[in-house]
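Each value in this text was obtained by applying a stated rule to the coordinates, not by laboratory testing. Remember, predicted model here, so these are calculated numbers, not experimental data. Glycine gets a Cβ as well: all are built from the backbone with ideal geometry, and neighbour counts include every protein chain shown.
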Amino acid sequence: MSAASGYVVVPRCPVISDGTNYTEFIGFMRIHMRGIRLWGVLSSEVRCPPRPVPPVAPTPPTPPVLPADADRARKDATKLADEAVVRTYDEQVLIYEEALQAYHGALSVYTQWLDDDARAAAVLTANVLPQFASEFLGLPTVFEMWTRLRQRYEPSDDALYLCCSSGACSSAG
């Protein structure tokens, strides 16, 4: 289905996390996310750029007001001062336009990262059983979601020790 119909296709990983298959899931998920170019966001190799701050436009100068009976010297001095103010303003406008271009570029990078993070979160959520996804849905970034999954389901050294000491890990031999 297309986005025009109100649905978005979310690529599915061949292995769905069911809470017991963490090691297998992360291996497949890494390959899957690399294939759709979202691994960097998921793993935090591609970090969120800072949110850009728009530049402030310069304030246009206020034209000088001279009394009607101003003498020639005062008019000339005011005209020179006004021209200097206008030149300064024009320079500020050029600086502002450059800053605005830089801002738009940074904003594009920032919004692209937000879009990639949202897409990666959608893929991760779609590839985890709902009862497990509910454990991380409120987190702000997909990396934090991924970290929560790892903290919760990655086998610990204690689990490995208990497995081996109970004989469940020993090979028949």
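Assorted remarks:
- Each Lys or Arg adds one and each Asp or Glu takes one away; over the other residues whose Cβ falls under 15 Å from the Cβ of Val46, this sums to 0.
- Here the 3J(HN,Hα) profile of the stretch 136-143, calculated from phi with Karplus coefficients 6.51, -1.76 and 1.60 at θ = phi - 60°, is 10, 4, x, 6, x, 10, 5, 4 Hz, Gly and Pro shown as x.
- FRET E, pair Val65, Tyr103, Förster distance 45 Å, beta-carbon r, rounded to 0.05: 0.80
- Option label - log10 I(q)/I(0) by the Debye sum over Cα atoms at q = 0.09, 0.10, 0.16, 0.18 Å⁻¹ computed here, alternatives (i) -0.41, -0.48, -0.88, -1.05; (ii) -0.56, -0.62, -1.02, -1.14; (iii) -0.43, -0.53, -1.10, -1.24: (ii)
- For the pair Asp90 and Asp18 in one chain, pulling the backbone fully straight at 0.36 nm per residue adds 19.6 nm over the alpha carbon distance.
- Computed about its Cα centre, the charge dipole of the stretch 1-101 is approximately 480 debye, with only Lys, Arg, Asp and Glu carrying charge at their Cβ.
- Separation of the stretch 16-49 and the stretch 118-138, taken as the distance between their Cα centroids, equals 12 angstrom.
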